[in-house]
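Take a look at the structure set out below.
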Amino acid sequence: MYQTTYHRASSVDEAASLFGKSSEAKFLAGGQTLLPVMKQRLAAPTDVIDLGKIKDMIGVEASGDTLTIKAATPHYDVATSDAAKKAIPALAYLASLIGDPAVRYRGTIGGSIANNDPAADYPAGLLALGATVKTNKRSIAADDFFKGLFTTALEDGEIITAVSFPVPAKAGYAKMRHPASRFALTAVFVAQTKSGEIRVAATGASQSGVMRVGVIEAALKANWSPSALDSVNIPASGLLADIHGTAEYRANLVKVMAQRAVAAAG
Amino acid sequence: MSTVKLTVNGKAVAVDVEDRTLLVHVLRDHLNLTGTHVGCDTSQCGACVVHMDGRAVKSCTMLAGQADGANVTTIEGIAKGDELHPMQAAFRDNHGLQCGYCTPGMIMSAIDIVHRHGGQLDEATVRQELEGNICRCTGYHNIVKAVLDAAGRMKVSQAAE
């Protein structure tokens, strides 16, 4: 790791002000991606500003039809939160599949979505549930937040403070985990909102990162059941292909994971 | 440089380190607690797992500064004098180690697993929960046996306390 200066922020405002005073700062949440990247010298921020100890940024709250997860809440706390398990069990389940137990103790929802890895879990949950990303400057709909590989709508120095999820009528998540990296080879989150809208998002599949899957949404709107997807054909164009799986393999996984997610949602 | 203050195995310590220093290097290089190992250095193998404020974390994936003020327990801190921790004893009795490199991290993760699951541990759960710890010798079989054995012993010793 190259030299850097570590700052521990005690408030969101302090973190933003520290960022403004640094030449090339990075915000540090759980550090489960940023630190490995810095160790490989692929990133060399002059300053790292730790958001992990800001009390206002930790916690899970359910109120009415909204579940709010504050940005520095570790995955373990989401996976085991009674509020999350009651309001959106599929989301708590998603959190329980990220990385490994030690990673889940440190990694956070804010860090995951700010990084927007194309195979990360949370982006699929946010997009399918139609979540809203709250920052220290504004609210951003999930539909407008994810902008492609490792790219988001966040501006320089903008800090995610929380994510709020409308509680759906039904939701399910199914993931084909890569056995070594534990990222999604492909995973699909399906949701039926309380107003009857069907939203389906896939991660790990597209070359452009997390994506909605329109053909599956249309098929599930007509008939909410795994068998409704039997004849759906997902085009392989634009999907990721690597040593772990071809684009055609991932196209099929999108369908199969969606079927399993619908079955899980009930 | 910054001064990082920690409680390690019950003892208050303060070390002056570069800000880029990882927690594992504070433990190994500054405090000479070399039981915590660096295996992969890519956050995958779990040889560096320690408990920080009661949670099993990878000390190679934390800056020392992030741990400032924390209570850290390493493999050196779990035995009571000459009496091994029940997890250590179970690893020995079940031949849960061969070369021993992964063992400190395995034991620290395994204690955390037992704390979280208590008496509801079964083989499948142990195998799944150990996914963040890699062993290249044992094939995991005896490690899993040791964790299940220790889960029973820890329950007994907790009941006795």
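Taking every pair of Cα atoms in the range A:60-166, average 1/r, invert it to obtain the Kirkwood radius, and report Rg/Rh to two decimals. Write out the running numbers ahead of the final one.
Numbers: Rg = 12.6 Å, Rh = 13.5 Å.
Checking Rg against Rh, the ratio lands at 0.93.
What area, in nm² and to one decimal, does the C-alpha convex hull of the range B:2-77 cast on average over all directions? List each step's numbers first, then the result.
Details: hull surface 16.8 nm².
Convex hull of Cα atoms, orientation-averaged projection: 4.2 nm².
So what's the net charge close to A:I234: Lys and Arg +1, Asp and Glu -1, counting the other residues with Cβ under 9 Å from its Cβ? Walk me through the numbers on the way to the answer.
Values: positive: A:R250, A:K255; negative: none.
Residues close to A:I234 contribute a combined charge of +2.
Any idea what angle helix B:103-117 forms with the longest principal axis of chain B, computed on alpha-carbon atoms, 0 to 90 degrees, nearest 10?
70
Got a sec? How would A:I160, A:I198, A:I49 order by Cβ neighbour count within 10 Å, fewest to most?
Ordered by Cβ neighbours within 10 Å, fewest first: A:I198, A:I49, A:I160.
Using the eigenvalues of the Cα gyration tensor, what equivalent ellipsoid semi-axes result for the range B:87-130 when each is taken as the square root of five times the eigenvalue, whole Å, largest first?
Working: eigenvalues 68, 22, 20 Å².
Equivalent-ellipsoid dimensions as semi-axes: 18, 10, 10 Å.
Select from the range A:138-227 those GluC sites (Glu not before Pro) which occupy a DSSP coil region and have at most 15 other Cβ atoms within 10 Å, ordered by residue number.
Numbers: sites: A:E155, A:E158, A:E197, A:E217; in loops: A:E155, A:E158, A:E197.
Of the GluC sites (Glu not before Pro), the ones in loops of the range A:138-227 whose Cβ has at most 15 other Cβ atoms within 10 Å are A:E155, A:E197.
The range A:129-266: D in µm²/s via Stokes-Einstein (Kirkwood Rh, Cα pairs, 4 °C, 1.567 mPa s)? All intermediate terms of the calculation are to be shown ahead of the outcome.
Values: Rh = 15.7 Å.
After rounding, the answer is 83 µm²/s.
For a Förster distance of 51 Å, can you work out the FRET efficiency between the beta-carbons of A:S139 and B:H141, rounded to the nearest 0.05? Walk me through the numbers on the way to the answer.
Values: r = 51 Å, r/R0 = 1.01.
E(calc), rounded to 0.05, equals 0.50.
Rounded, prolate or oblate: which one fits the range A:1-145, using the alpha carbon gyration tensor with axes a ≥ b ≥ c (rounded when a/c is under 1.5, else prolate when a/b beats b/c, else oblate)? Please list the in-between numbers first.
Numbers: a/c = 1.86, a/b = 1.53, b/c = 1.22.
Cα axes put the range A:1-145 in the prolate bin.
For chain A, just the Cα set please: Rg and Dmax, both in angstrom.
Rg then Dmax for chain A, in Å: 18.1, 57.
Rounded to the nearest 0.05, what FRET efficiency is calculated for A:D13 and B:H115 with R0 set to 45 Å and r the Cβ-Cβ distance? It would help to have the intermediate numbers written out before the result.
Values: r = 37 Å, r/R0 = 0.81.
Efficiency computed from Cβ-Cβ geometry: 0.80.
In the protein assembly as shown, with Lys and Arg counted as +1 and Asp and Glu as -1 at Cβ, which of these residues, B:V13, B:H117, A:A218, has the Cα nearest the positive end of the dipole, that is, farthest along it?
Among B:V13, B:H117, A:A218, the one farthest towards the positive end of the dipole of the protein assembly as shown is A:A218.
So if a site counts as exposed when it's one of the trypsin sites (Lys or Arg not before Pro), its DSSP state isn't H, G, I, E or B, and it has at most 15 other Cβ atoms within 10 Å, what's the longest stretch of chain A without one? Don't skip to the end; give the middle numbers.
Values: sites that count: A:R41, A:K53, A:K137, A:R138, A:K147, A:K194.
Answer from the scan: A:54-136.
Decide, for the range A:121-205, between rounded, prolate and oblate: order the square roots of the alpha carbon gyration tensor eigenvalues as a ≥ b ≥ c, take rounded if a/c falls under 1.5, and otherwise choose prolate if a/b is larger than b/c, else oblate.
Values: a/c = 2.30, a/b = 1.15, b/c = 1.99.
Taking the square roots of the gyration eigenvalues as a ≥ b ≥ c, the range A:121-205 is oblate.
So, in Å, what gap is there between the alpha-carbon centers of the range A:63-133 and the range A:161-192?
9
Two decimals is fine: what's Rg over Rh for the range B:80-161, C-alpha atoms, Kirkwood radius as Rh? Intermediate results must be reported in sequence, preceding the final value.
On the way: Rg = 11.8 Å, Rh = 12.6 Å.
Taking Rh as the inverse mean 1/r over Cα pairs, Rg/Rh reads 0.94.
Computed from the coordinates by the stated procedures, all read-outs in this text should not be read as laboratory data. Not measured: the values here are computed from a predicted model. For neighbour counting, all protein chains shown are included, and Cβ atoms are generated from backbone atoms with ideal geometry for every residue, glycine included.
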